[in-house]
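One structure is given here, and the rest of the page talks about it.
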Amino acid sequence: MCTVLGLYSLVYASGSLSVPFPHLKIDVMKALGHCLPDLQVGCAGWVLESTETCKKEDDLDSLINEIFEEPNFDKKSFQKFKSNSSSNTSVRASIQGLSKSCSPVYLSGSAIPCGIGTHTSQRACDRLRCVACDFRIVIYNDYMWDKSCDYLFFRNNMPEFHKLKAKLIQKEGARAYACQCSWRTVEELTDLQADHQLRWVCGKH
């Protein structure tokens, strides 16, 4: 066996046994054929890939072809599924790209329009959420909260307007804000960071 492997190495290194001893070429091929029957030996002395590897690759190719040739396999639906998956990914990316937060977050009276607040576009945020009670802040234009409001009133009545209106007083230019644990009446543009007691944040637009 060692002799055969030595001859195999010689064949592989030279690529051919035609020089300097051509009379050994046929004998080497025969020896390799007997000892390593699963190898295909080229006519020039090169040892090619095994027949087992070739067979596995052929089987894999056949299996793939059979799948696509199945009568129940709808190639158009398969392509449509791939296309829809790509489209959904693009839509999700677009939606995520459109979501923006106010910076800074402003409160204001009803004279100031609502929208995404920035340093250059001072708008009152209307997507506020409280991180303490996890309630979305309700906003009422041209109203103010009565001075008798307390924590229990909002704890028991949020977010029902027909219950909250008992403590709402009409006031032009004012804006009444409230969650389940905090409330404010605002008339001027105010940076939310200036009120350290409020735990309100922009819930994104």
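The values are calculated or read from the model by the stated rules, or taken from the named source; none is laboratory data. Predicted, not measured: the structure shown is a model, and the values here were computed from it. Ideal geometry is used to build each Cβ from the backbone, glycine not excepted, and the neighbour counts take in all protein chains shown. Protein only, heavy atoms only, side chains kept; ligands, DNA and RNA dropped before computing areas. Shrake-Rupley method; radii C 1.70, N 1.55, O 1.52, S 1.80 Å.
Local charge for C179 was computed over the other residues whose Cβ lies under 15 Å away, with Lys and Arg +1 and Asp and Glu -1, and equals +4. Taking max minus min of the alpha-carbon positions on each principal axis, the range 128-188 gives extents of 29, 22, 18 Å, largest first.
Taking all protein chains as present, what is the carbon and sulfur share of the accessible area of the range 97-205, in % to the nearest whole number, probe 1.4 Å?
47
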